[in-house]
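Taken together, the values in this text are just the output of simple stated rules run on the coordinates, not laboratory data. All values reported here derive from a predicted model rather than from experimental measurement. Because the Cβ atoms are built from the backbone with ideal geometry, glycine has one as well, and the counts that use them run over all protein chains shown.
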Amino acid sequence: MSRSPLRVAIVGAGPAGIYAADILDKSDADVSIDLFERMPAPFGLIRYGVAPDHPRIKGIVTALHKVLDRPGIRLLGNVDYGTDIKLDDLREFYDAVIFSTGAMSDRALDIPGVDLDGSHGAADFVSWYDGHPDVPRTWPLEATSVAVLGVGNVALDVARVLAKTADELLTTDIPPNVYEGLKSSKVTDVHVFGRRGPAQAKFTPLELRELDHSPNVEVIVAPEDIEFDDGSIAAIRESKQVDMVVKTLQEWAIRDVGDRPKRLHLHFFHSPTEILGDGTVSGLRTERTELTGDGNVRGTGEFHDWDVQAVYRAVGYLSSELPEIPFDHDKGTVPHEAGRVLDIDGDQVPGVYVTGWIKRGPVGLIGHTKGDAAETIRSLLADADKLTAPVQSDPDAITSFLAERGVEFTTWEGWGKLDAHERSLGEPHGRERVKVVERHEMVRVSRD
């Protein structure tokens, strides 16, 4: 290695960025790592993309916390790449830059009526109930019957939060505005629609079973939706996870419907074709599908109109384009080779790397980003001798630069203050914490 230490900036302090920092810090290389985060608090998807009633997933924070505790890793929060700092600025202070900005926008659904009032992207709803500082503080919950399009884990999160009572979620970290919003909800029926069958559903067995844990929500599966072809049977035999999902759905399909006050309906073989309404959502039209033998489906020409007053589109997340970084708009990812960012001609952009969902797309569980990060770090370390040394390698130079620009950046020490503050807000109510929503308040507490 040509110099020591290697200065590396990681843009995005969610799981992908922290895993990259962890692997790099554990390598034999002499490195100094700064994690930049747009939010005043770290942890990305864990804080702003996981349903509040998922304590097991949020437990991943414990492992990430240990990484950020290390002396060779520094957090610089409340710094917006593209606004507060640009690529040329980062190159001034670092040998290499890794982008790990994730995916928090909704993938488009190209059907008529998608722009009607009452048609919502799942990512927007998730941001609201997770207390994201950059979204409105209120959410329209006047509908009594709602549709959720998609059969992934996010779709189930959205459906569960819509179906549960606000008081059931009061034991979590939801902020007061979210509790009040859910308390006023008029939802009685949530309909979840999947285009294919039970064996093709993308949610995990744990996510599925959690739907049935609420004493207030009756989960209903229609017996006619339990259908399999040769491709489905092969999928069940090849995957224990698929087998567990299918068995749970089969059990629910044959049981008697109970009398819990709210109902969550899981529908399969229904492909959304149009969101109905004049200005506002008044219904959803689906086409019944049938299996083709290989696990895929085709339309039958049989349509059904559902009486719903709101539609939540949970058909996938999409990464957002980053200033000065090549972007594939069709795939929603940054072009790369083993984590090395490629320009429009397919040539490597010197010293610029990518990891996580913006690298591979929003697929897989949180832990899958570790493999991504390992590949990217291997590429970076292999390139180390060829990297251009920064003009200003002193770690204090970047913080002076941000301060001169008037950026009120937060630190790992500041997160400790915010963490303690949120826990103190929850303690009188017997809750682990109450999340602070307002950005200025998060910054004030962190920098106090």
What whole number of Å gives the distance from the Cα centroid of segment 178-223 to the Cα centroid of segment 21-72? 30
For segment 318-421, Rg(Cα) over 2.2 N^0.38 Å is 1.31
For the Asp88, Glu404 Cβ pair and Förster radius 25 Å, calculated FRET efficiency rounded to 0.05 is 0.95
Dividing the surface of the Cα convex hull of segment 105-196 by four yields a projected area in nm² of 6.3
Report, by chain and number, residues whose modeled amide H sits under 5 Å from the one on Ile220, excluding near sequence neighbours (fewer than 5 apart, same chain). Leu264, His265, Leu266
Could you calculate the contour length gain from Arg255 to His440, that is, 0.36 nm times the residue separation minus the distance between their Cα atoms, to one decimal place in nm? 61.5 nm
Output the relative contact order of segment 109-310, whole-number percent, from Cα pairs under 8 angstrom with separation of 6+ residues. 27
What is the chain's relative contact order, in percent, from Cα pairs under 8 angstrom and six or more apart in sequence? 22
For Ser119, residues with placed amide H under 5 Å, excluding near neighbours: Val281, Val311
Which parts of segment 204-222 would a label at Lys247 reach, counting a residue when its backbone N lies under 14 Å from a point 7 Å out along Cα-to-Cβ? 205-206, 209
Of the labelled options (1) 26.1; (2) 22.7; (3) 21.5, which one gives mean projected area of the Cα convex hull in nm² as computed for this structure? (2)
Cross-link table Lys164/Lys435; Lys164/Lys202; Lys164/Lys370; Lys26/Lys386; Lys240/Lys331, entries beyond 24 Å C-alpha to C-alpha: Lys164/Lys370; Lys240/Lys331
Where the centroid of each part is defined by its Cα atoms, how far is segment 383-436 from segment 293-319 in Å? 42
Dimensionless Rg/Rh of segment 109-310, both radii on Cα and Rh by Kirkwood, sits at 0.97
